[in-house]
Amino acid sequence: MTVPAAPTTTGPMHPLRRALTLWGALIALMWLLLIIDWVTPGRLIDYGVHPRTLDGLLPGVLAMPFLHVGIAHLFANSVPLAILGTVTALRDWKGMWTALAVTLVVSGLGVWLVSPAYTVTVGASGIVFGLFGYLLGRGVFLRKIADLLIALLVVAAYGSMIWGVFPSVPQVSWQGHLFGFAAGVGTAFLTARARTIAAATGAGA
């Protein structure tokens with residue numbers, strides 16, 4: 001007997017589902033590493049950034065965002081990371097990857113260069129501040145109504161975060177916050193400039 005085959009869906013993933021899948025997986029990895037750090041005798045946070053030491057540069061810069069010192073630390077980063085990451089992915093998928101990569105490297109290098117010696121820095125807050133800066137920068141530099149509205153909403157929800165770029169709370173890496181935020185804003189500026197040049201070149205062709 002012949003029966004109709006079940007319909008198949010081979011189209012691209014819905015943008016919201018794609019964004020939630022990505023950031024859900026990244027945050028789940030952070031929680032998994034925290035659990036592993038609890039149940040194993042080694043200290044994964046030792047793989048974070050150790051300022052101005054060769055061993056603390058790599059893998060420290062790459063590992064820093066994925067390692068946390070406890071539940072409160074990770075939870076404080078998970079919520080804004082999920083929200084800001086999802087919004088950024090929905091606005092500009094490719095731009096999000098650029099902002100993520102630049103922020104990871106710049107915030108990690110900033111911590112490595114200017115944090116106090118004989119310390120170790122871990123946590124995803126540099127990425128959080130990078131996404132925050134990127135969304136604000138998109139609203140300012142792209143000058144689109146939707147991006148400006150999103151920027152205003154981001155400021156309303158997370159505007160107090162800006163104080164995190166100043167050395168105010170002991171044991172909080174303001175260096176990672178500052179360099180992450182600057183990297184996000186800078187990425188937004190360069191992205192907007194590249195699009196302006198591309199549009200002008202296309203118009204004149």
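For the stretch 55-65, the candidate set comprises residues that are buried (at least 20 other Cβ atoms within 10 Å of the Cβ) and modelled with pLDDT of 90 or more; within that set, the residue that is farthest from Ser115 (Cα to Cα) is Pro65.
Do we find a residue being polar (S, T, N, Q) and within 24 Å of Ala188 (Cα to Cα) anywhere in the stretch 59-81? Yes, the conditions are met somewhere in the stretch 59-81.
Is it the case that the stretch 24-35 has a residue that's more than 30 Å from Arg143 (Cβ to Cβ), surrounded by fewer than 19 Cβ atoms within 10 Å (Cβ to Cβ), touching a strand residue (DSSP E or B) at 6+ places or on another chain (Cβ under 9 Å) and not aromatic (Phe, Trp, Tyr)? No; the residues of the stretch 24-35 include none that is more than 30 Å from Arg143 (Cβ to Cβ), surrounded by fewer than 19 Cβ atoms within 10 Å (Cβ to Cβ), touching a strand residue (DSSP E or B) at 6+ places or on another chain (Cβ under 9 Å) and not aromatic (Phe, Trp, Tyr).
Among residues belonging to the stretch 97-110 that are open to solvent by 10 Å² or more (accessible area, probe 1.4 Å) and among the β-branched types (Val, Ile, Thr), point out the one that is farthest from Gly60 (Cα to Cα). Write out each step before concluding.
Going through the stretch 97-110, the residues open to solvent by 10 Å² or more (accessible area, probe 1.4 Å) turn out to be 97-98, 100-102, 104-106, 109.
If we keep only those that are among the β-branched types (Val, Ile, Thr) as well, we get 98, 102, 105-106.
Values: Thr98: 20, Val102: 15, Val105: 10, Val106: 12 Å.
Per the criteria, the residue is Thr98.
Can you list the helices (runs of 4 or more DSSP H) lying wholly within the stretch 83-177 that have 1 or more residues being polar (S, T, N, Q)? In the stretch 83-177, the matching helices (runs of 4 or more DSSP H) lie at 93-114, 125-141. Taking every residue in the stretch 171-199 that is without any contact (Cβ under 8 Å) to a residue 24 or more places away in the chain and within 30 Å of Thr121 (Cα to Cα) and pairing it with any residue that is open to solvent by 60 Å² or more (accessible area, probe 1.4 Å) and of a type outside the set (A, V, I, L, M, F, W, C), at least 6 positions away or on another chain, the pairs with Cβ-Cβ distances below 6 Å are Trp174/Pro167.
Only one residue in Leu142, Leu90, Leu135, Leu113 is over 22 Å from Gly48 (Cα atoms) and either modelled with pLDDT of 95 or more or crowded, with 22+ Cβ neighbours inside 10 Å (or both). Which one? From the options Leu142, Leu90, Leu135, Leu113, the qualifying one is Leu135.
For the stretch 68-82, taking the residues that are part of a helix (DSSP H, G or I) and among the hydrophobic types (A, V, I, L, M, F, W, C), the one that is most open to solvent (accessible area, probe 1.4 Å) is identified as Phe75.
In summary, Arg52 fulfils each of the numbered conditions (1) open to solvent by 40 Å² or more (accessible area, probe 1.4 Å); (2) in a helix (DSSP H, G or I); (3) in contact (Cβ under 8 Å) with a residue 60 or more places away in the chain with the single exception of condition (2).
Taking residues in the stretch 115-132 that are farther than 20 Å from Gly70 by Cα and touching a residue at least 24 places away in the same chain (Cβ under 8 Å), and partners anywhere that are open to solvent by 20 Å² or more (accessible area, probe 1.4 Å) and of a type in the set (Lys, Arg), the pairs with Cβ atoms closer than 7 Å and at least 6 places apart or on different chains are Ala117/Arg52.
The values are calculated or read from the model by the stated rules, or taken from the named source; none is laboratory data. These numbers were taken from a predicted model, which means no experiment stands behind them. Note that each Cβ is placed from the backbone with ideal geometry, even for glycine, and that neighbours are counted across all protein chains shown. Note: accessible area is taken over every heavy atom of the protein model, side chains too, but ligands, DNA and RNA are not part of it. Shrake-Rupley method; radii C 1.70, N 1.55, O 1.52, S 1.80 Å.
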